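The values are calculated or read from the model by the stated rules, or taken from the named source; none is laboratory data. Predicted, not measured: the structure shown is a model, and the values here were computed from it. As a convention, Cβ positions derive from the backbone with ideal geometry for all residues, glycine included, and neighbour counts pool all protein chains shown. Remember, those area values only see protein heavy atoms, side chains included, never the ligands or the DNA or RNA. Shrake-Rupley method; radii C 1.70, N 1.55, O 1.52, S 1.80 Å.
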Amino acid sequence: MNPPAVHCQQIHRHFGDGDTRVHVLRGIDFTAASGQITFLAGPSGCGKTTLISVIAGLLQPSSGAVSLFGRDLASMPPDDAVRLRRKDIGFVFQQYHLIPALSVAENVAVPLLAASMKRRDALEQASAILDKLGLGDRLHQPPARLSGGQQQRVALARALVHQPRLVICDEPTAALDHETGHRVMELLAASAVHPDRAVLVVSHDNRIFHFADAIAHMDDGIITHIDHPNSTAA
Amino acid sequence: MIRIALTMLRTDRAKCTAMILAVTFSVFLMQNQCAILASLYRMMTAQIDDVTDAPLWVMEPDTRCFEQAKPVKDGTLERVRSRSGVAWAVPLLKIDTMARSDSGLLCTVTVMGVDEASMVGLPSRFRFGQPEAIRPAGTCAVDPGGYAQLFPGEPVHFPRRIRILDESLVLTGMTEASAPFTGFPILHCSRVTALRLNKAENRTATFIIGDFTPGANRAAVCESITAATGLAAMDRAGFGEMALRFYNSQGVPRLFWITIAIGLLTGTAITAQTFSMFVREHTTQLAVCRVIGVTKARIIAMVLCQGLFVLSIGCAFGTGLTAITTHAAASEPFLRGIVLPPQVAAGTCAALAAITITAVTIMARRVALMDPAIVFRS
Ligand SMILES: Nc1ncnc2c1ncn2[C@@H]1O[C@H](COP(=O)(O)OP(=O)(O)OP(=O)(O)O)[C@@H](O)[C@H]1O
Ligand SMILES: [Mg+2]
C-alpha cells in the first residue's frame, strides 16, 4: 500500500520563551490520504495554520515527525524540502496572494517558472488550466480587475498548474461570500481531487464541510476527533 | 523569475521612477562636478603641457605655478645652456598686461613671447593661420577663448588689431592653446614683440625652457642647474605636479570634493531608502514565491536584479545628461577645457553602485531569510 500523503506523529510546537511561551501544537497525530479532501476545522487560534505550516515544511516542529508521501521532512536537506514544495505541493491562501504586477496567466505560471520551465511553455500550461477553471478570457488581465471569487480561482489554478500531489488551502473561502465560496469549493472538488493527490483544507466555515471526505476537528493544539461526513451519510 | 522581479519593479512606477531619478541626479551631480574639477586640474597645467617640445623648465625658486612666475635674471640662459646634459635652451617671456580691442573693450591678457629663431613655446597646433605669421614684429596669435573675449559675438577673421599699452598689435592667427586657468586671453608672439610690451619689468625671460641630451639623468641635470644658477629646474611633469600641489593647497578642489560627496550620499540614501520601502511592500509577494518553492538564492538574485536595473538605467541617464551638458559647454570657446573623462564616468557610477549594491544585497538577504509562513498570517 502507498504511504499516506501526510502523516504527522506527536507534533508539538511552541513559540517564544519564558512568560511569553505559547504551546500551540500539543501532540498532533494526523493523517491525510490521497484521493480525498481532508478538512482541518476548529476555532480561531487553535493552531490550524501553524499545523499546515509545519506540514508544508515552512515551520520546524519543536518535536514530533512529519512525513509527506513516506519521506520524513526532518531528515531532508533544506534544498530537498524546497524542491518538494515546488514540485509536490500547491497552495491556496485566504488572501489569494496573487502578484498584482503580473497578468493572470503569469501568476498561474509562477510555480512552473520557479521550476525553471521555459516561459512560453509555462504560459501555455497556465492558460490551459485557466481555461478549465472558466477564466480563459481573463489571461492577460491584472488580478486587480477580477472579483474575489475569480481571484481565488486564479489562485486555485496556480496551486494546481504543476500537478502537485498535495494541495494545501488555508481558509480558501473566508474572504468570499457564501455563494462564491461555494463555487470555488466546487471547482476545488472537481479539479483537485485525483487518486494520487491529497487535498488539505483549513476552514471553520461549516457550510462547506460537506465537501470533505474527512474532517479533523482541532481544539487548543490537539485533534479532538475525526468525522467522515460522506461515509456516515451513506 | 528575474523577469517577474523586473515586472514587479516596473509596475511600481512611482518608486521605480523615484529611484531612477535619484540615481540619475546623483550620477549627474557627481560627474558634472568631477568633470569641472578634472577640467580645472587640466587648466592648472594647461600652459605647461602645451609646450610639448621643451621638457626642461628652469624658473625662479619661489615659483609655484605657471601663472605666478617671477622672471629670471638676465644671463641665466647662457648659464643653463652651458650645463652638461642640456641639449638646448631658449627663453620664454610671460607678461600679464591689459589689451584694448578695436571696439574699445579692455581685457587682461597673458602674452607669451617665444624665441623667434626656434619658435619653441608655441602650441603645436593652430586653428587659423600658421606659426610663421607671428614672426614679424608687432604680430601675435590669440587662443579661441581669448578671441571670444576680445571680440564678443564677432565672426572669426584675421588680421585684426588690438592695442596693448601704446603699442598696436596685429592678430594674425588663432592657436589651439588649451583653456587657461586664469581665463585670460593667451597671446603668442615673438619675444621681440613681447619685449616691446614689457614696460613693467626689465628682465627678458620668465622661464628658460629646453631639452636634455639623450640619455642624460634628468634629475642630476636639474640638480646641476640649480647648483650653478640658484634657480629651480625640473622636467615638465615635475612642474605640472608642483602647480597641482599649489592649487590643491588653495582649497578650491576641496569644495568640489564636498559637492561630489554630497551627491554620492544623497543619491545612495534616497535610492536605498526607496528601495527598502519597495522591498518591504513586496515582502509578502516574495514570501509567496518562497512558499511556492523559489530558493533563497533565487529570491536574492531577483532583488539584486531589481537593484541593478534601477542602477544601470540611472547611471546611463546620468552619464548621458553629463555628456550632453559637457558637450554643450565644451563648444563654448571659453569653457573648451571641460570634458567628461571616461574614468570619471566609470568611477562615479562604480562608487554609487558599490554602496547601493551593498545596501540592496543586505535587503535581499533579509527578505530571503524571512519566515515564509507570514503569507498565512497577512
Ligand atoms: N510566529 C508565532 N509567534 C508567536 N505566536 C504565534 C506564531 N504563530 C502563531 N502563533 C500563535 O499560535 C496560535 C495559533 O495560531 P494559528 O494561526 O495557527 O491559529 P489558527 O487556528 O490558524 O487561527 P485562525 O483561525 O484565526 O487563522 C495563536 O495564538 C497565535 O497567536
Ligand atoms: Mg489560520
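Number of residues in the stretch B:234-247 that are open to solvent by less than 20 Å² (accessible area, probe 1.4 Å) and hydrophobic (A, V, I, L, M, F, W, C): the value is 2. Cβ-Cβ distances below 9 Å connect the following pairs, each with a first residue in the stretch B:158-171 that is more than 22 Å from B:Ala200 (Cα to Cα), a second residue that is among the charged types (D, E, K, R), and a separation of six or more residues or different chains: B:Arg160/B:Asp102; B:Arg160/B:Glu154; B:Arg161/B:Asp102; B:Leu171/B:Arg160; B:Leu171/B:Arg161. Scanning the stretch B:38-51 turns up no residue that is open to solvent by 50 Å² or more (accessible area, probe 1.4 Å), within 14 Å of chain A (Cβ to nearest Cβ) and not basic (Lys, Arg). Of the residues that sit in the stretch A:116-135 and are more than 9 Å from chain B (Cβ to nearest Cβ) and in a loop (DSSP other than H, G, I, E, B), which one is most open to solvent (accessible area, probe 1.4 Å)? Ranking the qualifying residues of the stretch A:116-135, first place goes to A:Lys118. Of all residues in the stretch A:189-206, those satisfying the criterion of being over 20 Å from A:Leu68 (Cβ atoms) and either touching a residue at least 40 places away in the same chain (Cβ under 8 Å) or within 16 Å of ligand 1 (Cβ to nearest atom) (or both) are A:Ala189, A:Ser191, A:Ser203, A:His204, A:Asp205, A:Asn206. Please determine whether any residue of the stretch B:318-340 is buried (at least 18 other Cβ atoms within 10 Å of the Cβ), among the hydrophobic types (A, V, I, L, M, F, W, C) and within 14 Å of chain A (Cβ to nearest Cβ). The answer is no; no qualifying residue exists.
For A:Val24, the stated conditions hold: it is open to solvent by 10 Å² or more (accessible area, probe 1.4 Å) and within 15 Å of ligand 1 (Cβ to nearest atom). Scanning the stretch B:1-37 for residues that are among the β-branched types (Val, Ile, Thr), within 14 Å of chain A (Cβ to nearest Cβ) and open to solvent by less than 40 Å² (accessible area, probe 1.4 Å) yields a total of 2. Among the residues in the stretch B:296-305, are any of a type in the set (D, E, K, R), at pLDDT 90 or above and within 16 Å of ligand 1 (Cβ to nearest atom)? No, every residue in the stretch B:296-305 fails to be of a type in the set (D, E, K, R), at pLDDT 90 or above and within 16 Å of ligand 1 (Cβ to nearest atom).
Within the stretch B:341-370, being within 14 Å of another protein chain (Cβ to nearest Cβ) and open to solvent by less than 60 Å² (accessible area, probe 1.4 Å) holds for B:Ala368, B:Met370. From the list B:Ile357, B:Ile324, B:Ile292, the lone residue that is without any contact (Cβ under 8 Å) to a residue 60 or more places away in the chain, touching a Gly at 6+ places or on another chain (Cβ under 8 Å) and either more than 16 Å from ligand 2 (Cβ to nearest atom) or not small (Gly, Ala, Ser) (or both) is B:Ile357. What about A:Asp177, is it surrounded by fewer than 23 Cβ atoms within 10 Å (Cβ to Cβ), more than 16 Å from ligand 1 (Cβ to nearest atom) and closer than 24 Å to A:Ser44 by Cβ? For A:Asp177, the condition - surrounded by fewer than 23 Cβ atoms within 10 Å (Cβ to Cβ), more than 16 Å from ligand 1 (Cβ to nearest atom) and closer than 24 Å to A:Ser44 by Cβ - is met. For the stretch B:275-305, the tally of residues that are of a type outside the set (D, E, K, R), over 13 Å from B:Ala353 (Cα atoms) and more than 8 Å from chain A (Cβ to nearest Cβ) stands at 15.
Listed conditions (1) at positive phi; (2) away from every other protein chain (no Cβ under 13 Å) are all met by A:Tyr96, apart from (2).
Across the stretch A:36-72, the qualifying residues are those that are among the hydroxyl-bearing types (Ser, Thr, Tyr) and within 11 Å of ligand 2 (Cβ to nearest atom), and the one among them that is farthest from the other protein chains (Cβ to nearest Cβ) is A:Ser44. With a requirement of 3 or more residues that are open to solvent by 20 Å² or more (accessible area, probe 1.4 Å), the helices (runs of 4 or more DSSP H) lying completely within the stretch A:48-115 that satisfy it span A:78-88. Condition check for B:Phe376 on (1) in contact with an Asp or Glu (Cβ under 7 Å, 6 or more places away or on another chain); (2) away from chain A (no Cβ under 14 Å); (3) of a type outside the set (A, V, I, L, M): one failure, at (2). For the stretch A:3-21, the tally of residues that are under 18 Å from the mean Cα position of the chain (by Cα), within 15 Å of ligand 1 (Cβ to nearest atom) and open to solvent by 20 Å² or more (accessible area, probe 1.4 Å) stands at 0.
For A:Arg138, the conditions (1) crowded, with 17+ Cβ neighbours inside 10 Å; (2) within 14 Å of chain B (Cβ to nearest Cβ); (3) charged (D, E, K, R) all hold with the exception of (2). With respect to being surrounded by fewer than 18 Cβ atoms within 10 Å (Cβ to Cβ), of a type in the set (Gly, Ala, Ser) and touching a residue at least 12 places away in the same chain (Cβ under 8 Å), B:Ser118 fits the description.
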